[in-house]
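Novice: There's a structure below that I have some questions on.
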Amino acid sequence: MPESRTVALVTLGCARNEVDSEELAGRLEADGWKLVDDAEEADVAVVNTCGFVEAAKKDSVDALLEANDLKGHGRTQAVVAVGCMAERYGKELADALPEADGVLGFDDYADISDRLQTILNGGIHAAHTPRDRRKLLPISPAERQEAGAAVALPGHGPTDLPEGVAPASGPRAPLRRRLDGSPVASVKLASGCDRRCSFCAIPSFRGSFISRRPSDVLNETRWLAEQGVKEIMLVSENNTSYGKDLGDIRLLESLLPNLAEVDGIERVRVSYLQPAEMRPGLIDVLTSTEKVVPYFDLSFQHSAPNVLRAMRRFGDTDRFLELLDTIRSKAPEAGVRSNFIVGFPGESEADLAELERFLNHARLDAIGVFGYSDEEGTEAATYGDKLDEDVVAARLARVSRLAEELVSQRADERVGATVRVLVESVDPADEGDGVRGRAEHQAPETDGQVLLTSGEGLSVGRMVDAKVVGTEGVDLVAEPLPGAPECSEEAGR
């Protein structure tokens, strides 16, 4: 096959999709494809779609159409959809979007090179037929590891690959190729979800929960450190369930200190935590382990008991506040973020007021607010007592305004504090906001950033201690402390 085959990967959606794209990149590069950044320079543009909510689906369709517009004007000959939206809708998406030359599901990932070559040659690879992926694994978590070997699990690529298949980094190199030079990378802990939240369709197309083995997670982290990564973020649909199918629900507590000891890694961050599954031992590890940041991405979704029960979730305002008090008693400056749905079927004004009561007392660092909309195939889509769209829109605007005010207030509380910043971008031409990074309480892309007042001696990937001197909404403005820029490898340890 010609060595000049080129491919570009366009990734939408969450950090889990970013990991999947890097696995696809690893497979393609191993089979001789040249990876390029711009779709217009690629023979094939592969769009890794998101299928979670309507806005994300629209963005995915727009990205496919934008890539299709390149055909006939440059090198691009084919546009292929992969990812959650492609997996969820399959042939339906292919019929509705003939601009896509291929719609590939997760089962196609292992043969991605052959699939793209077929499409590039003008052949047709039939769009897959969607199926409920929860049925591919045993109901009992204890039986899933063995069965999982025969199921496509994106982001679960092996880490002991034969020479010539993995990047040249020794036997622990994963089936993965980094697509940027960021000092931050996500690592998958698991795939799928066993929870049955009434508003969520993810388990139907991502499948039941299955953990990666700790050795694979460790090996991948070591490889990422060799690539210059300083911070890893552990991702899955539900990290608090990690290990339950491996016989140890407390496996995350023992894995985290091992990850923190990997040479070169300065930060370990855990995302996607379920409040109902938080354990005292996990809180202890997250708040007391060196290099594991005290960061809590807690999926509250609401705080009114009636709404939570309709969502098939657990908890209430007071229990959630008790959880936050427990966390802050161990780490007063811990970062906490969450997402919330307003306008859920049956949500009353009293329910909304209860959510506002929680938000006013929770002191969250970052808040995402979404208006409810039906997701096909979910239990909530069958509910009566739906609110009018204008009511949902009004509640969304109301709570969003409150959230914006509250996260700004929370940022103001950090003025005068010392934060440890991972530098992520340096622009010498921008004297005002030329150096940007993140503190421990800020996850990539979702939680704001730190604008450093001076970039002298700093470069991407360096850690620097800085004093917070101001805020810009959720963002912090900080002044590097005297002697803070690290000038040697030893200083970074």
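Novice: Quick one: with all protein chains in place, what share of the accessible area of the stretch 210-322 is carbon or sulfur, to the nearest percent (1.4 Å probe)? If you can, show how the numbers build up before the last one.
Specialist: Details: 1710 of 3760 Å².
Using a 1.4 Å probe with all protein chains present, the stretch 210-322 comes out at 46 percent carbon and sulfur.
Novice: Tally up the carbon and sulfur contribution to the accessible surface of the stretch 323-410 as a whole percent, 1.4 Å probe, everything protein left in place. Before the final figure, lay out each step's value.
Specialist: Values: 1980 of 4010 Å².
Here carbon and sulfur together make up 49 percent of the probe-accessible area.
Novice: Given the Cα-Cα distance of Glu333 and Asp385 and 0.36 nm per residue of separation, how much length would full extension add, in nm? List each step's numbers first, then the result.
Specialist: Working: separation 52, 0.36 × 52 = 18.72 nm, distance 4.08 nm.
Contour length minus Cα-Cα distance gives 14.6 nm.
Novice: Let me ask you something else. Which of the three applies to the stretch 236-331, rounded, prolate or oblate, going by the alpha-carbon gyration tensor with a ≥ b ≥ c and a/c under 1.5 meaning rounded? Walk me through the intermediate numbers first.
Specialist: Values: a/c = 2.42, a/b = 1.67, b/c = 1.44.
The shape class here is prolate.
Novice: Would you grab the residues whose amide H sits under 5 Å from the one on Leu137? Only those 5+ places off in sequence or on another chain, please, with H modelled 1.01 Å from N.
Specialist: Ser208
Novice: Give the residue from Val392, Gln442, Thr378 lying farthest towards the positive end of the charge dipole for the chain; charges sit on Cβ (+1 for Lys and Arg, -1 for Asp and Glu) and the dipole is referred to the Cα centre.
Specialist: Thr378
Novice: In the stretch 2-62, which trypsin sites (Lys or Arg not before Pro) fall in coil by DSSP and have 10 or fewer other Cβ atoms within 10 Å? Don't skip to the end; give the middle numbers.
Specialist: Values: sites: Arg5, Arg16, Arg27, Lys34, Lys57, Lys58; in loops: Arg5.
Sites meeting the loop and neighbour criteria: none at all.
Novice: Is the stretch 85-147 best put as rounded, prolate or oblate by its Cα gyration tensor, with a ≥ b ≥ c the root eigenvalues, rounded for a/c under 1.5, and otherwise prolate when a/b is larger than b/c, oblate when not? Present the calculation step by step, with values, prior to reporting the outcome.
Specialist: On the way: a/c = 4.44, a/b = 1.86, b/c = 2.38.
Oblate, since a/c reaches 1.5 and b/c is not below a/b.
Novice: Quick one: net charge around Ser208, please, counting Lys, Arg +1 and Asp, Glu -1 for every other residue with C-beta under 12 Å from its C-beta. All intermediate terms of the calculation are to be shown ahead of the outcome.
Specialist: Working: positive: Arg133, Arg134, Lys135, Arg144, Arg195, Arg196, Arg206, Lys244; negative: Asp132, Glu143, Asp194, Glu237, Asp245.
Taking every other residue near Ser208 into account, the sum is +3.
Novice: Using a/c under 1.5 as the rounded threshold, could you call the stretch 42-128 rounded, prolate or oblate? The axes a ≥ b ≥ c are square roots of the C-alpha gyration tensor eigenvalues, and prolate needs a/b larger than b/c, oblate otherwise.
Specialist: Oblate, since a/c reaches 1.5 and b/c is not below a/b.
Novice: Compute the signed sum of charges (Lys and Arg +1, Asp and Glu -1) over the other residues within less than 10 Å, Cβ to Cβ, of Cys197.
Specialist: Details: positive: Arg195, Arg196, Arg312, Arg313; negative: Glu379.
Neighbourhood net charge equals +3.
Novice: Quick one: work out the % antiparallel among DSSP beta bridges in the chain, nearest 5. All intermediate terms of the calculation are to be shown ahead of the outcome.
Specialist: Details: 20 of 59 bridges.
In the chain, DSSP labels about 35 percent of beta bridges as antiparallel.
Novice: Now a separate question. In the stretch 259-414, what % of DSSP beta bridges are antiparallel (nearest 5)?
Specialist: Values: 0 of 12 bridges.
The antiparallel fraction comes to roughly 0 percent.
Novice: Report the charge-dipole magnitude of the chain in Debye, nearest 20, computed about the Cα centre from +1 at each Lys and Arg Cβ and -1 at each Asp and Glu Cβ.
Specialist: Around 1360 debye, computed over the chain.
Novice: Each residue of the stretch 221-232 in order: what ³J(HN,Hα) in whole Hz does its phi give by Karplus 6.51 cos²θ - 1.76 cosθ + 1.60, θ = phi - 60°, with x for Gly and Pro?
Specialist: For the stretch 221-232, the Karplus curve yields 5, 4, 5, 4, 4, 5, 7, x, 6, 9, 10, 10 Hz.
Novice: With a 1.4 Å probe and all protein chains left in place, how much accessible area per residue does the chain have, in Å²?
Specialist: Numbers: 20710 Å² over 493 residues.
Value returned for the chain: 42 Å² of accessible area per residue.
Novice: Please list, or write none, the lysines whose alpha carbon is within less than 30 Å of the alpha carbon of Lys58, excluding same-chain residues fewer than 8 places away.
Specialist: Lys34, Lys71, Lys91, Lys135, Lys188, Lys386
Novice: So, one more: Compute the longest continuous run of the chain that contains no exposed GluC sites (Glu not before Pro); treat a site as exposed when its DSSP state is not H, G, I, E or B and it has at most 16 other Cβ atoms within 10 Å. Show your work: numbers first, answer last.
Specialist: Details: sites that count: Glu3, Glu99, Glu163, Glu261, Glu290, Glu333, Glu376, Glu379, Glu431, Glu445, Glu456, Glu489.
After excluding every exposed loop site, the longest remaining stretch is 164-260.
Novice: Given +1 on the Cβ of Lys and Arg, -1 on the Cβ of Asp and Glu, and no further charges, what dipole in debye does the stretch 417-481 carry about its Cα centre, rounded to the nearest 20?
Specialist: Details: 5 positive and 13 negative charges, 55 e Å.
My answer is approximately 260 debye.
Novice: Per DSSP H run of at least 4 residues, take -39500 (n - 2.57); add these up for the chain, divide by its residues and hand me the 222 nm value, nearest 500 deg cm²/dmol.
Specialist: Numbers: 14 runs with 154 residues, N = 493.
Rounded to the nearest 500, it is -9500 deg cm²/dmol.
Novice: Next question, about the same structure. Hey, what did the chain get for relative contact order, percent, Cα under 8 Å, at least 6 apart? Intermediate values should be presented prior to the final figure.
Specialist: Details: 1034 pairs, mean separation 44.9, N = 493.
Value for the chain: 9 percent.
The values are calculated or read from the model by the stated rules, or taken from the named source; none is laboratory data. Treat the numbers as computed from the prediction; the structure is a model and nothing was measured. Neighbour counts are summed over all protein chains in view; Cβ atoms, including those assigned to glycine, are modelled from backbone coordinates with ideal geometry. Heads up: the accessible areas ignore ligands, DNA and RNA and are worked out on the full protein's heavy atoms, side chains in. Shrake-Rupley method; radii C 1.70, N 1.55, O 1.52, S 1.80 Å.
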